[in-house]
Amino acid sequence: MLRIIRWTSLSIAVVLVAAWVVVWLTGAGAQRNDLSPAGVSGGVGVGGPFSLTDQSGRPVTDQTYSGRWMLVYFGYTSCPDVCPTELQDLSATLDKLGPDSVRIVPLFVTLDPQRDTPGVLADYTKLFDDRLVGLTGTPDQVAAVAAAYRVYFAKVANKDANGKEASGYQVDHSSFLYLMGPDGRFRGLFRPGTSPQELAEAIRERMSAAS
Ligand code: NI
């Protein structure tokens with residue numbers, strides 16, 4: 001009986017995740033057959049204006065980075081696994097891009113503004129790459145930029161050994177990497193786990209197509 005319940009909840013979870021992916025892709029206006037092996041999508045309607053604060057406490061907007069390519073990743077500093085891996089890959093991608101990397105501003109936008117203050121972000125981003133810019137804001141500002149980029153995120157309370165709510169929380173979130181052009185428009189979407197080599201090649205391709 002317990003096994004049946006477990007399988008049922010697993011199936012429900014799978015269906016929910018599948019439904020979310022479909023909603024996400026439709027919502028992003030991405031054409032599903034437009035996803036190349038490198039995980040790049042030619043979809044539109046992703047991104048837009050934002051108002052946030054950088055890791056030095058300076059207020060910034062999308063206009064601050066106008067004229068440069070943006071590589072945008074959403075996560076949070078206490079993330080146990082996916083964020084650190086993706087940020088390491090992002091740093092390795094910039095290295096692979098060599099001189100072209102100066103045309104890109106890599107942005108790490110926190111989905112946990114309550115804990116991720118500018119100071120926390122400053123300490124965290126430099127663990128990965130000095131070029132990485134950490135962005136935070138009010139909960140409303142963060143919710144707005146996440147919505148503009150079609151980022152899924154949800155606060156989940158920690159559980160103790162008995163499954164009861166414990167102190168603290170984690171943030172479930174989608175882990176795509178977004179490439180935005182110097183005009184601020186969406187140029188590509190990369191799945192988590194895309195290798196730095198693939199990322200660098202795809203970015204270079206987009207850059208030469210644009211110039
Ligand atoms: Ni994460």
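Computed values, structure above
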| read-out | value |
| --- | --- |
| Spin-label zone in region 157-187 - amide nitrogen under 20 Å from a point set 7 Å from the Cα of E205 along the C-beta vector | 176-182, 185-187 |
| Amide proton proximity set for Y152, modelled H, under 5 Å, gap of 5+ | S174 |
| Global form of region 62-143, assessed from the alpha-carbon gyration tensor, a/c cut-off 1.5 | oblate |
| Two-site label geometry, D172 and S51: point separation in nm, points 7 Å out along Cα→Cβ | 3.2 nm |
| Environment charge of R103, counting only residues whose C-beta is closer than 15 Å and scoring Lys/Arg +1, Asp/Glu -1 | +2 |
| Relative packing of peptides 105-116, 83-94, 181-192, 120-131 - highest average C-beta neighbours within 10 Å first | 105-116, 83-94, 181-192, 120-131 |
| Under Karplus coefficients 6.51, -1.76 and 1.60, residue-wise ³J(HN,Hα) of region 197-203 in Hz, glycine/proline x | 4, 4, 4, 4, 5, 5, 5 |
| Other-chain or far-sequence residues with amide H under 5 Å of L189's (modelled H) | S41, L179 |
| Sequence-distant residues sharing a close amide H with T53 (under 5 Å, placed H) | V60, T136, G137 |
| Table column - 3J(HN,Hα) (Hz), region 103-109, Karplus curve with 6.51, -1.76, 1.60, x for Gly and Pro | 7, 10, 10, x, 10, 10, 9 |
| Projected label distance in nm at S195 and K155, using a 7 Å step from Cα toward the beta-carbon | 4.0 nm |
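Read-outs throughout are calculated quantities, based only on the coordinates presented, and are distinct from any laboratory measurement. Bear in mind the structure is a predicted one, so any value in this text is a computation, not a measurement. Please note: Cβ atoms are built from the backbone with ideal geometry, for glycine as well, and neighbour counts cover all protein chains shown.
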